[in-house]
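To start, the structure itself, in structure tokens.
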Amino acid sequence: MHDTELAETELGDTLLGLARAAIAHHLGRGPQPVVPDEARLRERGATFVTLTEDGELRGCIGSLRRGRALAEDVIANAVAAASEDPRFAPLQAGELDRIRVEVSLLSEPEYLEFANEDALLAQLRPNEDGLILFSGCRSATFLPQVWEQLPVPRDFLAALKRKAGLAPDRPVPGLMAARYQVRKWKEAEAEAS
């Protein structure tokens, strides 16, 4: 393994450990997470924490902007994914051993210029780009992992528009978009069982 790969693996293991420890502490099943004294964990970062149970989504909350230290962002988003995702009931302590944690570290979003939605679709890179849509006070994002369920760019965009509360089948005047990439780490099956 190269030094870069080793550093990535260590970072991923650290972020996954912090996320799981934060959830366990929130559920009364462990001590507060201890953040290692590492410079990269103090740098500002934007993360999403995704929880799955038996392969199904169980919670996903994150940050699009680098507003706080990376470790702090992961801890806050892990607790929020377990307790504040409006699509799901809060995670119960008895579920902790069945969930699997994934952490995505987002790159800085790149704003896209496009004349119409066809031009936007032509710029998207399936399985690589996450996408943020903005229209007035509405916005929504899909992580790059969503391409696994929606591999057709037009379907991906329509579902994201629906998530933002926009009409999925009509052009949206003044639509803006930004794309980003992620580095992601996921717990192994054995760790979560």
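The values are calculated or read from the model by the stated rules, or taken from the named source; none is laboratory data. All values derive from a computational prediction rather than experimental measurement. Cβ sites come from the backbone with ideal geometry, for glycine too, and all protein chains shown count toward neighbours. We work out accessible area using only protein heavy atoms, side chains counted, and drop any ligands, DNA or RNA first. Shrake-Rupley method; radii C 1.70, N 1.55, O 1.52, S 1.80 Å.
How large is ³J(HN,Hα) for each residue in segment 112-119, as worked out from phi by the Karplus curve 6.51 cos²θ - 1.76 cosθ + 1.60 (θ = phi - 60°), to whole Hz, x for Gly and Pro?
With the stated coefficients, segment 112-119 comes to 9, 9, 7, 7, 7, 5, 4, 5 Hz.
So for the chain, averaging the separation of alpha carbon pairs under 8 Å that are six or more residues apart and normalising by length, what relative contact order in percent results?
Worked out over the chain, it gives 21 percent.
In Å², what does the accessible area per residue of the chain work out to with a 1.4 Å probe?
Details: 10370 Å² over 193 residues.
That works out to 54 Å² for each residue.
Would you work out if segment 24-120 is rounded, prolate or oblate? Take a ≥ b ≥ c from the square roots of the eigenvalues of the alpha-carbon gyration tensor; rounded if a/c is under 1.5, else prolate when a/b is larger than b/c, oblate otherwise.
Numbers: a/c = 2.91, a/b = 1.38, b/c = 2.11.
Since a/c reaches 1.5 but b/c is at least a/b, the shape of segment 24-120 is classed as oblate.
Once you put a point 7 Å from the Cα of Ala39 and another 7 Å from the Cα of Glu53, both along the Cβ direction, what distance in nm separates them?
4.2 nm
What is the Cα convex hull volume of the chain when expressed per residue in Å³?
132 Å³
How large a share of the accessible area of the chain, in percent, is made up of carbon and sulfur atoms when the probe is 1.4 Å and the other protein chains stay in place?
52 percent
Where in segment 16-41 does the label zone of Glu10 land, with the point 7 angstrom along Cα→C-beta and an amide N cut-off under 12 Å?
37-41
Can you pull the Kirkwood radius for segment 52-98, inverse mean 1/r over Cα pairs, to one decimal in Å?
Details: mean 1/r = 0.0872 Å⁻¹.
Over segment 52-98, the inverse of the mean reciprocal pair distance is 11.5 Å.
Can you tell me the length gained on complete extension of the stretch Glu84 to Gln32, counting 0.36 nm per residue apart and subtracting the Cα distance?
16.8 nm
Report ³J(HN,Hα) in whole Hz for each residue of segment 159-174, in order, from the Karplus equation J = 6.51 cos²θ - 1.76 cosθ + 1.60 where θ = phi - 60°; Gly and Pro get x.
Once rounded to whole Hz, the list reads 5, 5, 4, 4, 4, 7, x, 9, 5, x, 10, 10, x, 10, x, x.
Could you give each residue of segment 129-146 its phi-based ³J(HN,Hα) in whole Hz, using Karplus coefficients 6.51, -1.76, 1.60 with θ = phi - 60°, and x for Gly or Pro?
Taking θ as phi minus 60°, the curve returns 9, x, 9, 10, 10, 10, 8, x, 8, 9, 7, 7, 9, 10, 5, x, 4, 5 Hz for segment 129-146.
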